[in-house]
Amino acid sequence: MMRAAPHALARAAFAVGLALAATLAIVAASGAPPLKTLAVMAQGGFGSEAAWLRTLSSFAPLLLCGAALCVTFAANLWNIGVEGQITMGALGCLWFLRAVSPAGPLPPGLAVTLSLLAAMAGGAAWALLSGVLRTHGRVHEIFSGLGLNFVATGVSLWLILGPWKRPGMASLSGTAPLDHALWLPGLGGRPMSLVGPILAVLAFAGVVWLLTRTFFGLTLSAVRQNSLAAERLGLAPKRRILAAMGIGGALAGLAGGVLIAGLYHRLIPSVSGNYGYTAILAVLLASGSLPAVPLACLFFAALAVGSIQLPLSLSLDSSLAGVIQGVLVLTLFAARGLWPAVSRRKP
């Protein structure tokens, strides 16, 4: 153990150093001053109270999706359909809030709470559809998830331009905003709410407990390692797969509900905002370490928010942040493969 700790520290330092070098090289190749670019992005993500609020607003759906993916990955399921589950969660939330106006029979606080439950139901139903295709139709969840993502996007666009269009007009800018009484409570007069990050942290803590402290988590591990042996032991792998997909979909749907009630307050095209795909990168970056998932999600949230300052401060395209994300993840994975050769030890 005494020797393992310095070895692990050296390996982590090598991976981070290589990733940082690759990132600086990409930034320099784009014609921007590398250190200044990173400083601008860090300032945009953490440099002020408003920046922190924007980062936390992105952190909440990322961590919820990260928690969803931890559950499905535990059962060896590649839940690529998390983007569609976010969208269907957003639709479920907005449908409920549109049905219950501020002057309706429910108090606004109760209506918003129930709308988040409706969001979880929408996400869970969409994920279970992919799960049923896997367990009973032998369709891999990657293919069904990608297909259902497109369907969910199409449904949201149809609602924006059709049944839910603004009075007298149909615009891709989104539906009419919700009444302020149906918003999650903001902070300091800003529309961004801290309820989302709090829910995300609580949900992730629940997932950690579920996967590490319960019999259900143990059965998911058994299904992941050997589904045939799990079936012979009577663990019902198909039911475990559907349960994992349902829980993951509910958490992704909650992310969609938080985006509607706590940030956008209306339905917009691509409401999922690529949070699902980014969460996949964050979970992969954490490499199976549950405590590292929130840190990875916070990092990607700050990177996305900080990139908004690139066009303003350095006249750079904000899409450079996406390039940096990809380079970081790929370089960190490459560093793990290169480390045995660098350390002159067998893997």
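The values are calculated or read from the model by the stated rules, or taken from the named source; none is laboratory data. This structure is a prediction, so every number in the text was calculated from the model and none was measured. Here Cβ is always computed from backbone atoms with ideal geometry, including for glycine, and neighbour counts include all displayed protein chains. The area values use the complete protein model at the heavy-atom level, side chains included, leaving out ligands, DNA and RNA. Shrake-Rupley method; radii C 1.70, N 1.55, O 1.52, S 1.80 Å.
Tabulated results
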{"item": "Amide H partners (placed H, <5 Å) of Val139, local residues excluded", "result": "Arg134"}
{"item": "Percent of C-alpha pairs per 20 Å bin, the chain, short to long", "result": "28, 56, 16, 0"}
{"item": "Highest-MSF residue in the chain out of Leu20, Leu69, Leu284 [GNM, Cα springs under 10 Å]", "result": "Leu20"}
{"item": "Counted charge near Leu220, where neighbours are those whose Cβ lies closer than 15 Å (Asp, Glu -1; Lys, Arg +1)", "result": "+4"}
{"item": "Within a Gaussian network of the chain (alpha carbon springs, distance under 10 Å), most fluctuating of Met88, Met192, Met169", "result": "Met169"}
{"item": "Table column - 3J(HN,Hα) (Hz), region 195-203, Karplus curve with 6.51, -1.76, 1.60, x for Gly and Pro", "result": "5, x, x, 5, 4, 5, 5, 5, 5"}
{"item": "Base-10 log of normalised Debye intensity for region 44-138 (one unit scatterer per alpha-carbon) at q = 0.11, 0.12 Å⁻¹", "result": "-0.45, -0.53"}
{"item": "Full-extension gain in nm, Leu35 to Ser287, via 0.36 nm per residue minus C-alpha separation", "result": "88.0 nm"}
{"item": "Using a Förster distance of 56 Å, the FRET efficiency for Gln43-His140 (Cβ separation, nearest 0.05)", "result": "0.85"}
{"item": "Value of D in µm² per second that Stokes-Einstein yields for region 154-225, Kirkwood Rh from Cα pairs, at 25 °C (0.890 mPa s)", "result": "151 µm²/s"}
{"item": "Cα convex hull of region 107-252, projected area averaged across orientations, nm²", "result": "11.7 nm²"}
{"item": "Sequence of Met120, Met41 when ordered by accessible area, the most exposed leading, probe 1.4 angstrom", "result": "Met120, Met41"}
{"item": "For region 235-249, 3J(HN,Hα) per residue [Karplus equation, 6.51 cos²θ - 1.76 cosθ + 1.60, θ = phi - 60°, Hz, x = Gly/Pro]", "result": "8, 6, x, 5, 5, 5, 4, 5, 5, 4, 5, x, 5, x, x"}
{"item": "GNM top mover of Gly45, Gly288, Gly81 - the chain, alpha-carbon springs below 10 Å", "result": "Gly288"}
{"item": "Ala176 long-range amide H proximity, modeled H, under 5 Å", "result": "Arg166"}
{"item": "For the chain, calculated [θ]222 nm from helices alone, where every DSSP H run of n ≥ 4 adds -39500 (n - 2.57)", "result": "-24500 deg cm²/dmol"}
{"item": "For region 176-317, alpha-carbon Rg and Dmax in angstrom", "result": "18.8, 61"}
